[in-house]
Structure formats: C-alpha cells, structure tokens
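Taking it in order: structure first as structure tokens, then the write-up.
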Amino acid sequence: MLDRTPPDDGHVVLSSITKSYDGSTLVVRDLNLSIRKGEFLTLLGPSGSGKTTTLMMLAGFEYPSTGQITIDGAPVHTMPPEKRNIGMVFQNYALFPHMTVAENVGYGLKVRRVPRAEIDRRVGAVLETVHLSALADRRPGQLSGGQQQRVALARALVFEPSIVLMDEPLGALDKKLREHLQFEIRQIAQRYNLTVVYVTHDQYEALTMSDRIAIFNDGRVQQLGSAEEIYARPVNRFVAEFVGDNNCLKGRVTAIEGEIAHLRLQDGTVIRARATGHVQLGALSTAAIRPEALRMDAAPFAGSLAATVRDSIFCGDQIRTVVDLAGTESLVVKSAAHSAAIHPEKGQCVHVGWAWEDAWALDA
Ligand SMILES: Nc1ncnc2c1ncn2[C@@H]1O[C@H](COP(=O)(O)OP(=O)(O)OP(=O)(O)O)[C@@H](O)[C@H]1O
Ligand SMILES: [Mg+2]
C-alpha cells in the first residue's frame, strides 16, 4: 500500500497533555501526539475514551490541565479558539433554522465584519466545493441530513482554515450517504492540503479515510499508525479486539524461541505465535489471529488443531465458520466462498491452523 503520510514536521504537537474536568479523574492521560501538515489523522476509540476532549483542547474550547499544545512551534494551549485559525465540524450541525444556507455559511464572516463582497465571494466558492450552490437560498429545514452536514462543513471551510477538526460529522447519516461524504471529505482535504483531525467510533470509516489512526482507550493513545499497521500489527489486546475481527486465544507462555512464542492453552494444547514485547516466559498471554489468516481443512496438516463446526454462515463473497476447539475456546474462520477448500457442515470435524507469523502473542 502507498504511504500517503507526509513526514513528521511537528505541525501540531500535543506534549504530555493531561485533562481532568473535576480535578481528580484524568480523562486524558499523558497524551503525546505529533500531527503532520496535510495529514488526515483519525482518533478512534470507544465512548468516553477522551476523543472529544482532545479535540476540544485542540480547538481551544477546553484547556489542558497539564502539558502543552503547539502549532508550528508556537504554544497555543492558552489561546482562545478564534485566534487558532482552526475549523470545527460537529455531529449536530447546529445550523440557524431561520437563515438560508448562504447566510448560515457566511454568518461567521459577517460577525467578523468581513466586507459584503468578500463574504459573497467566499460563500459562493465554498458552496461550490461542497456541491450546494443550487441550494444556497434554502433553509436548513428544507435540506436532507447529508445536505445539512455539507452546510456545516462549508461553514468551517469558509474561514479558509489550514486545520479542520471533525467530531463524528457523519454519525447521524445512513450508510450510503456516509460513504459518499467520506469520499468527498477526503477529496476536499487533499485539494486544500488541510490538516484534519477526525473523530469517529466507526472503525471502517477510520480505516478507509485516514493517513494515520490513533486508537484511544481510557484517555490514552494505545497505538498510532497507518490503517494497515494497526490492522496487521496490533500492539496490544485492546487494539487487536477493537479493530476488525480477531480470534483471541488465552494461554501461558511455555517457551520463547527467537520470534516464536509457545502458548499452552487451558486444555493443554500448545500453539505458536509471534512474540511481542508483552511476552514473558511463564506469564499469561493472548494470541490474536485474524479470521482470514486461519486455514481450515478436512484432513489434519502440520500444526493444525482438531475442531468441530458449530455454525457456518454464507455471506456472499465469504463463508464465516465458527468452530469449537477441544477446550473451551472457539474460533471464527473466514474463507473466500468460491475457493473454500471445504464447505463445512454443522457438527463436522475439521482441522484449523495458521502460520505462526499471523498470530500475535499480546498482553493477557
Ligand atoms: N464537560 C465535562 N465535564 C465533566 N466530565 C466530562 C465533560 N466532558 C466529558 N467528560 C467526561 O470525560 C470522559 C471523556 O469524554 P469524551 O467526551 O472526551 O469522550 P469521547 O471519546 O468523545 O466519547 P464518545 O465516543 O461517547 O463521544 C468521559 O468520561 C466523560 O464523561
Ligand atoms: Mg465524543
């Protein structure tokens, strides 16, 4: 895959940021993040993990409890929002119902006493960008959800910011429209070389839109990397389970041979997985294996485990089979529907295995 990420120029830097609203509970802990100019960075994580709080500190609506934020080297964390030249798009569009689309988009400029002709020019240009020129005289109530979201986007872009923050901007839209706008937002970001910090808890949105993804949990960045890195090389169990489907097998580490860790499962079976920094001899570990990395066959093969088919679901282009291992563990196997070596039946005895490099021995 092409690496679209620009080199790290320390454009926007968050250093040792912590945030507490009540003076005792930290909702953001020791956050260090360096955002590159022109980068599309997504903050992905479960509810309450500190994504919005981080965005609010970047925008200037919240102040960090400790730490600092710089833009091109200049500290901004105590600067008010309007001085930061950052655009912001929220999930609830908060459009003025009594104003037309054009008036909504131009409102912020009017408040700042930008001359009329200049407002008209900028509003006209930005409405063209978001494909709303034809609807400039409508009111928000006469627009679809997707069109309203475009107005919200136009309202942020009209200030010609170089940094745009978006907090779940497509959360309220249906799947088709969301995918369409995902594409458009990316296009606009590229055309104007915007630095975008985008918040979502939709992993597919994050995987498809971002140059890099920061996985948040419990106020901390768990992993920062390209979609491919995060998917293929999760650094811990949280990331492995949160992004995409993963099979997790728990076991005790009985041997480490170079890069290979041996894990003994509860039923005594020993499996092999790639050893990561988490792995310690004698300690518990979790081996994470993607469903598509599993091979299933009617006959045993080197390193395979015997299993019983619990269920097999045909999903168009693929077959998802749930198999029970000898102990309490079960696995999900994903195979291409057309080339599936076997079309498993419920109750059938099969054999499953994987290349040790495809299993990641992580924290327990
Ligand atoms: N204004 C506030 N006052 C007190 N606590 C707050 C405030 N805003 C957020 N919190 C708390 O801070 C934590 C992080 O919230 P935040 O809104 O940053 O999460 P999030 O990752 O954006 O979640 P979601 O995906 O649900 O939007 C949560 O526990 C939340 O209850
Ligand atoms: Mg939020």
Positive-end residue, segment 12-237 charge dipole about Cα centroid, Cβ charges, pick of Asn32, Asn193, Ala125
Ala125
Write down the accessible area per residue of the chain in Å², having rolled a 1.4 Å probe over the full set of protein chains.
47 Å²
At 25 °C and 0.890 mPa s, the Stokes-Einstein diffusion coefficient in µm²/s for segment 85-170, with hydrodynamic radius from the Kirkwood sum on alpha carbon pairs, is 194 µm²/s
Tell me, what is the 1.4 Å probe accessible area of Ser47, in Å² to the nearest 10?
110 Å²
Between 0 and 90 degrees, rounded to the nearest ten: what's the tilt of helix 175-191 against the longest Cα principal axis of the chain?
60 degrees
The percentage of the accessible area of the chain (probe 1.4 Å, all protein chains present) made up of carbon and sulfur atoms, to the nearest whole number, is 51 percent
Report, for the chain, the % of DSSP beta bridges that are antiparallel, rounded to 5.
75 percent
Going down the list Lys37/Lys83; Lys175/Lys250; Lys19/Lys250; Lys83/Lys110; Lys51/Lys175; Lys250/Lys334, which pairs span over 24 Å between their C-alpha atoms?
Lys175/Lys250; Lys19/Lys250
Between Gly48, Gly244, Gly258, find the one with the highest GNM mean-square fluctuation for the chain; connect C-alpha pairs within less than 10 Å.
Gly258
To one decimal place, what Kirkwood hydrodynamic radius in Å is obtained for segment 246-362 from all pairs of distinct Cα atoms?
14.4 Å
Within the set Arg290, Arg121, Arg264, GNM on the chain using Cα springs under 10 Å gives the largest fluctuation to Arg121
Taking the Cα atoms only, what angle lies between the long axis of helix 101-111 and the longest principal axis of the chain, rounded to 10 degrees?
70 degrees
Compute, for segment 152-236, the length of the dipole vector about the Cα centre, with Cβ point charges of +1 (Lys, Arg) and -1 (Asp, Glu) only. Units Debye, rounded to 20.
100 debye
Hey, if you put +1 on the Cβ of every Lys and Arg and -1 on every Asp and Glu Cβ in the chain, which of Leu249, Ala134, Ser16 ends up farthest toward the positive end of that dipole?
Ala134
Segment 22-37 and segment 48-68: distance between their alpha carbon centers, rounded to Å
7 Å
Under the Debye formula (equal points on every Cα, no solvent term), log10 I(q)/I(0) of segment 178-241 at q = 0.16, 0.29 Å⁻¹:
-0.55, -1.33
To the nearest 10 degrees, how steeply does helix 116-129 sit against the main Cα axis of the chain, on a 0 to 90 scale?
20 degrees
Report the charge-dipole magnitude of the chain in Debye, nearest 20, computed about the Cα centre from +1 at each Lys and Arg Cβ and -1 at each Asp and Glu Cβ.
840 debye
Among Cys248, Cys315, Cys349, whose mean-square fluctuation peaks in a Gaussian network model of the chain (Cα, cutoff 10 Å)?
Cys315
Note down the magnitude of the dipole of segment 284-348 about its Cα centre, charges +1 on Lys and Arg C-beta and -1 on Asp and Glu C-beta and zero elsewhere, to the nearest 20 debye.
60 debye
Of every Cα-Cα pair in segment 12-237, the percentage lying beyond 23 Å is 48 percent
Which value, in Å² and to the nearest 10, is the accessible area of Ser312 when all protein chains are kept and the probe is 1.4 Å?
40 Å²
Measuring from label point to label point, each 7 Å out along Cα→Cβ, what is the Ile256 to His180 span in nm?
5.3 nm
Taking the Cα-to-Cβ direction at Thr269 and at Ser144 and moving 7 Å from each Cα, how far apart do the two end points lie in nm?
4.9 nm
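The values are calculated or read from the model by the stated rules, or taken from the named source; none is laboratory data. Owing to the predicted nature of the structure, the values given are computational and were not obtained by experimental measurement. All Cβ positions, glycine included, derive from the backbone under ideal geometry; neighbour counts span all protein chains shown. What goes into the accessible areas is simple: the full protein's heavy atoms, side chains included, and nothing from ligands, DNA or RNA. Shrake-Rupley method; radii C 1.70, N 1.55, O 1.52, S 1.80 Å.
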